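Right, one structure below, let's go through it.
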2 protein chains.
Amino acid sequence: MAQGTKSISSPVRIGICAPSTPFTKDAASRVIALAARTHPHAELVFDEQCFFEDGHFAGSDKQRTDSFLALANDPDIDAIWFARGGYGAARIAEAAVQRLDSVANNKIYLGYSDAGNLLGALYRAGIGEVAHGPMPSDIGRADGEQAVARALDWIVHRKADALDPGLISGQKYAAFNLMTLAMMTGTKLIPDLRDHILIVEEISEYLYAFDRAMFHLCSNLADIGLTGIKLGRVDDIPENDRPFGEDPEAIIKRWAGSNAIAYLGRAEIGHDAQNRIVPFGLLKT
Amino acid sequence: MAQGTKSISSPVRIGICAPSTPFTKDAASRVIALAARTHPHAELVFDEQCFFEDGHFAGSDKQRTDSFLALANDPDIDAIWFARGGYGAARIAEAAVQRLDSVANNKIYLGYSDAGNLLGALYRAGIGEVAHGPMPSDIGRADGEQAVARALDWIVHRKADALDPGLISGQKYAAFNLMTLAMMTGTKLIPDLRDHILIVEEISEYLYAFDRAMFHLCSNLADIGLTGIKLGRVDDIPENDRPFGEDPEAIIKRWAGSNAIAYLGRAEIGHDAQNRIVPFGLLKT
């Protein structure tokens, strides 16, 4: 019981689905083995849909929707953990969230990257405890076991040291991949971010594309009453034929400034093993 | 006078600036030599700013703005031709258009790709005759001289056979690069597209990114009263690690359909030598 907050008689059942791209059975086995070692209290339920393949996606839009709904509407499941990003959640999030039952409210939902489409739609609808953090797919990274264990620390134990250390109690937060959120503006997936500190991170985008997405995002959020914006990590920037001339922090400072959004510094999120948890909404811990 | 609609005594003066990325003197010389051969009536004025370099850009935001304004506010210039795309016009378009004088109204503005940010801001402000079509940079393409000559056919002679052959007189049009327009939604650069047929084209994007941008664009335009949407060419699609499972036309049909936007078929625009002219607004020819 040293790690636990619940009794051994009620394991934390974590339903895992893939709203975007396919996971692999080998990686799932590694995540299950790690969890058995570090979080014996957790019971991981990988839906078979995680391993479906349909073109780019982990099964058809219907299959990915059905898998998410079956787990989220199951009263015996305590948490929904999105297996992997990649692209695809935007195609199902709006319709899927509309079909959630009341039991979906009693769950944690955890993921990042493309899963941000579902995090946003869930938070917009006021459903569950939504959080931005590592996914089963992180098992494939260098030191990825740290990231997976941190996610389980949050899901199973709500461990405070899994959180981004810069979070402040009493403040509202949301966190997203920049490009994912940029494509959610003006759609039925983006939540109301008034009075929130928004944290964004980016991966594998040219700096000109980062600048363009920041132009778009800050222009769209200029008048909604954000408390401010923070920058997670911006990694794996492709080399262009010439240097861009500004680094990511200078870019976000410029676009935030010209749109009267307060820039509040760096945050500990990103597409890496150090990706810390950011629960959406008012932080009470 | 076989080609001309004006007398030899009044050449058409075309001011060329680079609101995005740098042009080269060698390419400018080739465009000038071509124009001298095919359109002796045109006088091409390449602003020195076209060749400036500042990181990613053809000079600083201020230098690119000043060059555009000097040409657009010059009563002796008949047309503004954007030299090249790449990224950068979004950083200057809103402020630049606000500083245009009344003489800026009497001009054609021609370009595509990233220059769409300026086309959109100009059309939103009701300034000039805005058109989507080839740029001086097209001289570098295979058969690029055709594209450059087509642009000059439009600027100098308003030749009807330079137009996309699918355009219908009495209909309103606008045309953009998909990603450029997706990043303009919700900003002060996007014009009112009510009652317009919108034409989009794309280049060098993965199909998942094309799908994501279509999700974003169609969601944002669902309620504005578009007459419909047409698809230009979608080229140089990078190979992903697996096939996407749909082609570009199936993607646009699906997103247009789910957002109650009429899909109206293909159009003759794209990042290629066959890129035809699409004048913004009501087509009267």
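Details
- Low-density loop cleavage sites - GluC sites (Glu not before Pro) in segment A:53-154, where at most 15 other Cβ are within 10 Å (DSSP): A:GLU53
- Percent of Cα pairs exceeding the 28 Å cut-off, where the set is chain B: 33
- Maximal additional length on extending the B:LEU282-B:SER169 stretch stands at 39.9 nm, based on 0.36 nm per residue less the C-alpha distance.
- Teacher prompt: B:ARG194 distances to equivalent labels in other copies, 7 Å Cα→Cβ, nm: 2.6
- Residue among A:ASN259, A:ASN240, A:ASN106 with the largest mean-square fluctuation in a Gaussian network model of chain A, springs linking Cα atoms under 10 Å: A:ASN240
- Between A:ILE224 and A:ALA262, the distance separating the two model label sites (each 7 Å from Cα on the Cα→Cβ line) works out to 1.8 nm.
- Distance between the pseudo-spin-label points of B:ASP143 and A:ARG13 (7 Å out from Cα toward the beta carbon): 6.2 nm.
- The Rg/Rh ratio for segment B:106-158, using Cα coordinates for both the radius of gyration and the Kirkwood hydrodynamic radius, is 1.01.
- Calculated label separations, B:SER60, copies of the chain, 7 Å along the beta-carbon direction, nm: 5.8
- Nearest-ten-degree value, helix B:248-258 long axis tilted from longest Cα axis of chain B: 70
- Interface residues of segment B:228-276, defined as those losing at least 50 Å² of solvent-accessible heavy-atom surface relative to the isolated chain (probe radius 1.4 Å), are listed as B:ARG242, B:PHE244.
- Other copies of B:THR227: label-to-label distances in nm, shortest first, labels 7 Å along the beta-carbon direction: 4.9
- Panel values: segment B:136-249, Kirkwood radius from alpha carbon pairs, Stokes-Einstein at 20 °C and 1.002 mPa s, translational diffusion coefficient 134 µm²/s.
- Residues in segment B:160-185 occluded by at least 30 Å² - accessible area, probe radius 1.4 Å, against chain by itself: B:MET179, B:MET183
- Accessible area per residue in Å² at 1.4 Å probe, computed on the protein assembly as shown: 37
- Under DSSP loop assignment and at most 12 Cβ neighbours within 10 Å, longest trypsin sites (Lys or Arg not before Pro)-free interval of chain B: B:1-193
- This model, with +1 at the C-beta of Lys and Arg and -1 at the C-beta of Asp and Glu, gives the protein assembly as shown a dipole about its Cα centre of some 1100 debye.
- Per-residue SASA entry for A:ILE237, accessible area with 1.4 Å probe, Å² rounded to 10: 60
- Using a Förster distance of 22 Å, the FRET efficiency for A:ASP192-A:SER102 (Cβ separation, nearest 0.05): 0.50
- Where labels lie 7 Å past Cα in the beta-carbon direction, separation of B:SER60 and A:ALA33 in nm: 5.8
- Nearest-to-axis residue of chain B, judged by beta-carbon position, where the axis maps B onto A, in Å: B:GLY186, 3
- Ranking B:TRP81, A:TRP255 from most to least accessible surface, computed with a 1.4 Å probe over the protein chains only, gives A:TRP255, B:TRP81.
- Between A and B, accessible area buried - total, square angstrom, nearest 100, 1.4 angstrom probe: 2900
- Seen from A:ALA182, the other residues with C-beta closer than 13 Å to its C-beta sum to a net charge of -3, counting Lys and Arg as +1 and Asp and Glu as -1.
- Across chain A, the relative contact order, built from alpha-carbon pairs under 8 Å that are at least six residues apart, equals 18 percent.
- Beta bridges by DSSP in segment B:12-161, antiparallel share as percent, to the nearest 5: 5
- For segment A:83-97, accessible area lost to neighbouring protein chains reaches 50 Å² or more, against the chain alone with a 1.4 Å probe, at A:TYR87, A:ARG91.
- Sulfur and carbon atoms: percent of accessible area, chain A [1.4 Å]: 48
- Taking the C-alpha atoms only, the angle from helix A:144-157 to the longest principal axis of chain A is near 70 degrees.
- For the protein assembly as shown, the share of DSSP beta bridges that are antiparallel, to the nearest 5, is 15%.
- Here, the protein assembly as shown has an Rg and a Dmax of 25.7, 95 Å when only alpha carbons are counted.
- Close amide H pairs (under 5 Å, H built 1.01 Å from N) link A:TYR109 with A:ILE80, A:GLU129, A:VAL130, A:ALA131, residues at least 5 positions away or on another chain.
- Dipole of segment B:12-161 computed with +1 at Lys/Arg Cβ and -1 at Asp/Glu Cβ about the Cα centre; of B:ILE14, B:ALA151, B:ALA96, farthest Cα towards the positive end is B:ALA151.
- A Cβ-based charge dipole, computed about the Cα centre of segment A:206-285 with Lys and Arg at +1 and Asp and Glu at -1, lands at about 400 debye.
- Charge dipole of segment A:12-161 about the Cα centre (unit charges at C-beta), most positive-ward option of A:THR65, A:GLY85, A:HIS132: A:HIS132
- Computed FRET value (nearest 0.05) for A:ALA70 with A:GLN274, which takes r as the C-beta separation and R₀ as 35 Å: 0.60
- Helix-only mean residue ellipticity at 222 nm for chain B, each DSSP H run of n ≥ 4 adding -39500 (n - 2.57), per residue, nearest 500: -9000 deg cm²/dmol
- Cα-based shape type of segment B:209-249, given that a ≥ b ≥ c are square roots of the gyration tensor eigenvalues and the cut on a/c is 1.5: prolate
- Angle in degrees between helix B:61-72 and the longest Cα principal axis of chain B, rounded to the nearest 10: 60
- Global geometry of segment A:12-161, whether rounded, prolate or oblate, following the gyration tensor of its Cα atoms and the 1.5 cut on a/c: oblate
- For segment B:201-285, averaging the sequence separation of C-alpha pairs within contact (under 8 Å, six or more residues apart) and dividing by the residue count gives a relative contact order of 39 percent.
- For segment B:126-219, chymotrypsin sites (Phe, Trp or Tyr not before Pro) are listed when DSSP marks them as loop and at most 16 other Cβ atoms sit within 10 Å of their Cβ; the list is B:TYR206.
- Contact order for segment B:1-132, expressed relative to its length and based on alpha carbon pairs under 8 Å spaced 6+ residues apart, stands at 27 percent.
- Restraint check, B:LYS253/B:LYS284; A:LYS188/B:LYS62; B:LYS25/B:LYS159, Cα-Cα greater than 32 Å: A:LYS188/B:LYS62
- Proximal charge balance of B:GLN49 [Cβ under 11 Å; K/R count +1, D/E count -1]: -3
- In a reduced charge model with +1 at each Lys and Arg Cβ and -1 at each Asp and Glu Cβ, chain A shows a dipole moment near 680 debye about its Cα centre.
The values are calculated or read from the model by the stated rules, or taken from the named source; none is laboratory data. Remember, it's a predicted structure, so these values are computed and weren't measured experimentally. Cβ sites come from the backbone with ideal geometry, for glycine too, and all protein chains shown count toward neighbours. With ligands, DNA and RNA removed, areas are computed over all heavy atoms of the protein, side chains included. Shrake-Rupley method; radii C 1.70, N 1.55, O 1.52, S 1.80 Å.
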